[in-house]
Amino acid sequence: MNKRKRKLEGSKFRMLNEMLYTQHSQKNLKLFSESPELFEIYHKGFEEQVKEWPVNPLELVEQEIRKLAGSASIKVADLGCGNGQLELNLKDQPNIKVHSYDLVDKDHVKACDVTNLPLKSNKLDIAVFCLSLMGSNHVKMLQEAYRVLKKKGTLIIAEVESRVPHKEEFQTNMDKLGFKLQQKIQPNNFFFVCIFAKSKPKPPLPNKLLNPGKYKKR
């Protein structure tokens, strides 16, 4: 790829990234539904970013799901799954059924607004947000994950450290939403993976948990 084209694609990726973080999820769904080519542009840029990272958080999430499942039959929802790589990676485990959701229908990925999942309540063992709590209404996404998780189900969040300026406040707000921290994995100063157990919510619920994520120009 020549330098000019790479710079243009990088600019488009950063623009889409900002929109995904700052707009309402319904607006993002409408945008990508009407222009699915934007989904490809965004995820191509995202994959270029992943190449620069010392660790891919998705690999850590996959490892934890394998540990949690063992030989038991479990149901997992990958929320904001991108191209659905987690489901593909776990194909060797027939006891693990993964439902992949994002903004565009593609192969095994189903399009939906994550605040309104096509799933019945209390049916999932694990819900995953891997760098995907994006949108001005991301708290609503967590409330929807709470709805579809079984009693004592597991929530896994992988995120960028810079999105959480106040760690104690983040944990307190997760408690309010009904998610009790069980484990935090910190492979480096860039990312973390938190594993929560579904518990009883403790209102008042927060309006916001995370700052928008930003990618620097390369």
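In the chain, Cα pairs under 8 Å separated by at least six residues give a relative contact order of 20 percent.
Tell me, what is the FRET efficiency for residue 136 and residue 59 to the nearest 0.05, using R0 = 41 angstrom and their Cβ-Cβ distance as r? Mind dumping the intermediate values first?
Working: r = 29 Å, r/R0 = 0.71.
In this case the efficiency is close to 0.90.
Take the alpha carbon gyration tensor of segment 70-214, find the square roots of its eigenvalues, order them as a ≥ b ≥ c, and report rounded if a/c is under 1.5; if not, report prolate when a/b exceeds b/c, else oblate. Intermediate values should be presented prior to the final figure.
Numbers: a/c = 1.43, a/b = 1.33, b/c = 1.08.
Taking the square roots of the gyration eigenvalues as a ≥ b ≥ c, segment 70-214 is rounded.
Grab the other residues whose beta carbon is less than 13 angstrom from that of residue 182, score K and R as +1, D and E as -1, and report the net. Kindly include the intermediate steps, with their values, before the conclusion.
Numbers: positive: 67, 152, 180, 184, 198; negative: 64, 175.
So the surrounding residues net to +3.
Compared with the direct C-alpha span, the chain from residue 121 to residue 190 gains 21.5 nm at full extension, assuming 0.36 nm per residue.
In a reduced charge model with +1 at each Lys and Arg Cβ and -1 at each Asp and Glu Cβ, the chain shows a dipole moment near 400 debye about its Cα centre.
Please state the shape class of segment 162-218: rounded when a/c is under 1.5, otherwise prolate if a/b exceeds b/c and oblate if not, all from the C-alpha gyration tensor. Please list the in-between numbers first.
Numbers: a/c = 3.02, a/b = 1.58, b/c = 1.92.
Because a/c hits 1.5 or more and a/b fails to exceed b/c, segment 162-218 counts as oblate.
Among beta bridges from DSSP that stay inside the chain, the antiparallel ones total about 45%. Sorted from greatest to least, the principal axis extents spanned by the alpha carbons of segment 52-102 come out as 35, 23, 15 Å. Placing unit charges on each Cβ (+1 for Lys and Arg, -1 for Asp and Glu) gives the chain a dipole about its Cα centre, and among 201, 16, 138 the Cα reaching farthest toward its positive end belongs to 201.
A short reminder: the numbers here are calculations on the coordinates, not readings from a lab. None of the values given here were measured: they were computed from a predicted structure. Methodologically, a virtual Cβ is constructed for each residue, glycine included, from the backbone with ideal geometry; neighbour enumeration extends over all protein chains shown.
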